Amino acid sequence: MHALTEEALKARLSTRQVRVPEHAVIGATDDVEALAGRLPGPTMVKALVPLTDRARRGLVVRAADPGEAATAARAMLGSTVAGHRVDRVLVEELAPDGTEYYLAAGFDYAHGVPVLLFGPGGSGVEGRAAPRRIPFAMADPGGLTALPEPLRPVARALVEEFLDLRAKLVELNPVRVGPAGAIVLDAKAALDPDVPAPAGAVEVGVPDEADRRLRELARSLPGGTEVRFGRLDGTVGLISAGGGVLAIVHDALRRHGLRPANFSDVSGGSATTELLGAVAGEVLALRPEGILIVTGITSSISVTGFAEAMVAALAPLRDRPDDERPVIVARMAGPDEADAARIMSALPHCVAVGRDTAVDSAVALLADRIVARRGDGNPA
């Protein structure tokens, strides 16, 4: 899975007459002081890595002058955070104060329509009320008149980028509106893995041994089943089977303020159930705080066989202290789903539901259980 990081997406937006701050991109071999000195006033220094919550990770720093900017840049360059090496940083001018908004374009897989998302912006947006959803048509994006006037040109460019990139999600957060109009302060795009990545795209999943192990296992099994796996920076482990369900799951997680700890794709062949069990073992090793297990009604695998594979793969949970066990929600949709739910009940902290529970409702249940476990009222 690939993404466009901030500077790459801002460069594309600027060609559409969208304002972005003056900036300099600094690499490990560049003259840090000289490049930082191009922006004399207060600046923001940001590590260019495809991670959420960079500020919380110490990867976004405010600098009062070029000297402080250079010091911050040198501290970030060469460091590794959540498996991503910081090879470049962005130093950009501090934008004037104003009102901050969240704008995004994505696809609502549950309803089969592209949507424009709009709401209050800034840090911590995942933990707030869900943004307003404005459906639009691919051929004629509408709904822009529902936005404040200064945001409409930005939203139009956002939708154009979403369509041109054939992206899964393009986010602008925040877009700050002041006396001089709107300016985009941060931007990112999650790209469809089935679409060729554009120039400037970076790998989002963290390359690790798990993907290698799973691919080797797939090659050793008959049936031609393919598998992909990668770590992300969230806290919810995902195990899914069934055509189209993975996209729906990712969309639902975002709506409920949750972030995936991994992506995985197991497709085709007769070894699907065995490989999903191996995926479950890799998810368990990530020590997520929650696990979502989903089968789609279009899945060709036996739902009871899938449940048995999950119980076997996640059996080590029984040996963990109770406060180290993740909460689990399993949506077992298909024939014999009642038997599958009974099988899943052998796992600690597991609630199983059937096809009558929509994927979005299963994710909402998981979010509620994570909130209850944390006791802080915020799943993000």
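The values are calculated or read from the model by the stated rules, or taken from the named source; none is laboratory data. What you see is a predicted model, and the numbers here were worked out from it, not measured in a lab. Note: ideal-geometry Cβ built from the backbone for every residue, glycine included; neighbour counts use all protein chains shown. For the accessible areas, the whole protein counts, side chains as well, though only heavy atoms, and no ligand, DNA or RNA atoms are used. Shrake-Rupley method; radii C 1.70, N 1.55, O 1.52, S 1.80 Å.
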Hey, among the residues in region 330-354 that are farther than 18 Å from R318 by Cβ and not small (G, A, S), which one's least open to solvent (accessible area, probe 1.4 Å)? M332
Regarding region 57-78, can at least one residue be identified that is surrounded by fewer than 19 Cβ atoms within 10 Å (Cβ to Cβ) and either in contact with a Gly (Cβ under 7 Å, 6 or more places away or on another chain) or within 26 Å of R166 (Cα to Cα) (or both)? no
Is there a residue being modelled with pLDDT of 90 or more, under 23 Å from the mean Cα position of the chain (by Cα) and open to solvent by 30 Å² or more (accessible area, probe 1.4 Å) anywhere in region 163-170? yes
Please determine whether any residue of region 311-326 is hydrophobic (A, V, I, L, M, F, W, C), in contact with a Pro (Cβ under 9 Å, 6 or more places away or on another chain), part of a helix (DSSP H, G or I) and farther than 22 Å from R228 by Cα. yes
A careful count of residues in region 113-128 that are at positive phi and modelled with pLDDT under 70 gives 1
What strands (runs of 3 or more DSSP E), lying completely within region 201-304, carry at least 3 residues that are surrounded by 19 or more Cβ atoms within 10 Å (Cβ to Cβ) and at pLDDT 90 or above? 236-241, 290-295
Every residue from region 80-116 that is under 22 Å from the mean Cα position of the chain (by Cα) and small (G, A, S): A82, G83, A104, A105, G106, A110, G112
Out of curiosity, is A313 in contact with a Leu (Cβ under 9 Å, 6 or more places away or on another chain) and closer than 15 Å to I291 by Cα? yes
